[in-house]
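Single-structure report; data block below.
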Amino acid sequence: MDMIKEWVSNLFILIMMLTFTEILLPENTTGSYVKFIFSLVIMTAVIYPIISITEAY
């Protein structure tokens, strides 16, 4: 249960940091690429624990 709490809190902190960084970015074509990369980072952070659990079995 502690592992889940830690994962959720780390995910929350990551999303908050990326959102804050996204707010500081200018609205141009580069900003859309950075938003895409941020989305990939968040998706990786969500999927990583699931992959780790399935590899253990």
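The values are calculated or read from the model by the stated rules, or taken from the named source; none is laboratory data. Just so we're clear, the structure is a prediction, and the values are computed from it rather than from any experiment. Cβ sites come from the backbone with ideal geometry, for glycine too, and all protein chains shown count toward neighbours.
Which of the residues belonging to region 1-31 are surrounded by 11 or more Cβ atoms within 10 Å (Cβ to Cβ) and polar (S, T, N, Q)?
If the condition is that a residue be surrounded by 11 or more Cβ atoms within 10 Å (Cβ to Cβ) and polar (S, T, N, Q), then N10, T19, T21 are the ones that fit.
Report the residue count in region 7-52 for those that are in contact (Cβ under 8 Å) with a residue 40 or more places away in the chain and of a type in the set (A, V, I, L, M, F, W, C). Break it down into steps so the answer makes sense when it comes.
First, pick out the residues of region 7-52 that are in contact (Cβ under 8 Å) with a residue 40 or more places away in the chain: 7, 49.
So of that shortlist, the ones also of a type in the set (A, V, I, L, M, F, W, C) come out as 7.
Residues flagged as in contact (Cβ under 8 Å) with a residue 40 or more places away in the chain and of a type in the set (A, V, I, L, M, F, W, C) within region 7-52 amount to 1.
May I ask you to list the residues in region 22-57 that are modelled with pLDDT of 85 or more, among the hydroxyl-bearing types (S, T, Y) and more than 26 Å from E6 (Cα to Cα)?
Y33
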